[in-house]
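Asks: To start, I am sharing the structure in question, which I have written as structure tokens.
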Amino acid sequence: MSQAKPILHILTGPTAVGKTEAALDWAEKNNAEILSCDSVCVYRGMDIGSAKPTANQQQRIRHHGIDLVEPTARYSVTQYITYAQQVVRQNLSEGKNTLVTGGSGFYLAAFFGPVSDDLMVNDATIQEVRQLQEQGLNALLRRLQELESGPLPVWLDQQNPIRVAKALERRLSSDLTLDEIRDEFLQKKSPFEGYTVKTNLIERPDDELRARINQRTHAMLKEGLIEESEKLLQLKLDPELPSARAVGYRATMDWLVDGKKVALEGLAERINLDTWALVRKQRKWFKRLGLI
């Protein structure tokens, strides 16, 4: 008789839906530790804008995946997968459950299937692509077409500069075509293939979620989001870093650089709009992963 796979528990949902308290309650009742699945919570000093669990909440239940790197660092999904595998194995060896919680789509997808290839992209290639990015999307597409010696694959979103830049980095790092790189990727196994994944998705009606987002935005501004953003500005972050593009922080940094040309309420409104755009993206991920 084959041995049953260990269970990996996931609690997810859109931002501001109430995942943190629900995760704490579940973990306390089920001998679990929490593994964050949030691509902003990995950064130190980005606490308020990421709605990172508070010190008291982290005392209630041990958390993993929080405060791993400085905001100036590059942290990839590949690094996250390696880290997450270590956490899950350690918890299992100690007889504890792991509850993955968060709403970052790319991180979340890693628990359901492969999300990254094995190509190593060196700094020189990253810099080459960065210089082309400064010339615009068409420059990226022209270079990619030169390498492909033909039309680009239909699955590549040619209107998305980030997707095109990532495709170019990988094409420059391999002798394979984009289709061949993708075919190899699709044959990879899930990083968590040895586990049975059980998922609980929390949702709320749109009007209720919008009200919660608005309430949270005002609380963040009151509790120190502006001060955190000022510290990020002092670091002169590379604009391509996830820390520099994080919802809430990006709008606040822009507001500070622009000399506070709009009232604080105007900043809050932009953060609300950016957050709602994030909710839409998250829901697309949930649908793609078969959660809704």
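Just so it is clear, none of the values below were taken in a lab; they were calculated from the coordinates. Source: prediction; values computed, not measured.
Asks: Per the Kirkwood treatment, what hydrodynamic radius in Å, one decimal, follows for the chain from the mean inverse distance over all distinct Cα pairs?
Replies: After inverting the mean inverse Cα-Cα distance, the result is 20.8 Å.
Asks: Check Val100: other-chain or 5+ apart residues with amide H under 5 Å from its amide H, H built from backbone geometry?
Replies: His9, Ile10, Leu11, Leu35
Asks: Anything over 25 Å Cα to Cα? Flag those among Lys222/Lys284; Lys222/Lys261; Lys261/Lys284; Lys198/Lys284; Lys29/Lys188; Lys231/Lys281, in the order listed.
Replies: Beyond 25 Å: Lys222/Lys284; Lys261/Lys284; Lys29/Lys188; Lys231/Lys281.
Asks: Within the chain, which complete DSSP H helices have Cα atoms spanning at least 20 Å along the helix axis and a mean Kyte-Doolittle hydropathy of -0.5 or higher?
Replies: 77-93
Asks: Over the range 206-276, what is the relative contact order in percent, taking alpha-carbon pairs closer than 8 angstrom and at least six residues apart?
Replies: In percent, rounded to a whole number, it is 40.
Asks: Now a separate question. Quick check: from the Cα gyration tensor, does the range 206-276 come out rounded (a/c under 1.5), prolate or oblate?
Replies: Prolate is the answer for the range 206-276, as a/c is 1.5 or above and a/b outweighs b/c.
Asks: How would you classify the range 157-290 from its alpha-carbon gyration tensor, with a ≥ b ≥ c the square roots of the eigenvalues: rounded for a/c under 1.5, else prolate if a/b is greater than b/c, otherwise oblate?
Replies: Here the range 157-290 falls in the oblate category.
Asks: Wrap a convex hull around the Cα atoms of the range 144-198, take a quarter of its surface area, and give that in square nanometres.
Replies: Approximately 5.2 nm², given one-decimal rounding.
Asks: Follow-up. If you average the sequence gap of Cα pairs under 8 Å that are 6 or more apart and divide by the length of the chain, what percent do you get for the contact order?
Replies: Working: 365 pairs, mean separation 79.7, N = 292.
Once normalised by length, the contact order is 27 percent.
Asks: Ignoring everything except DSSP H segments at least 4 long, calculate the 222 nm mean residue ellipticity for the chain; use -39,500 (n - 2.57) per segment, divide by total residues, nearest 500.
Replies: Rounded to the nearest 500, it is -16000 deg cm²/dmol.
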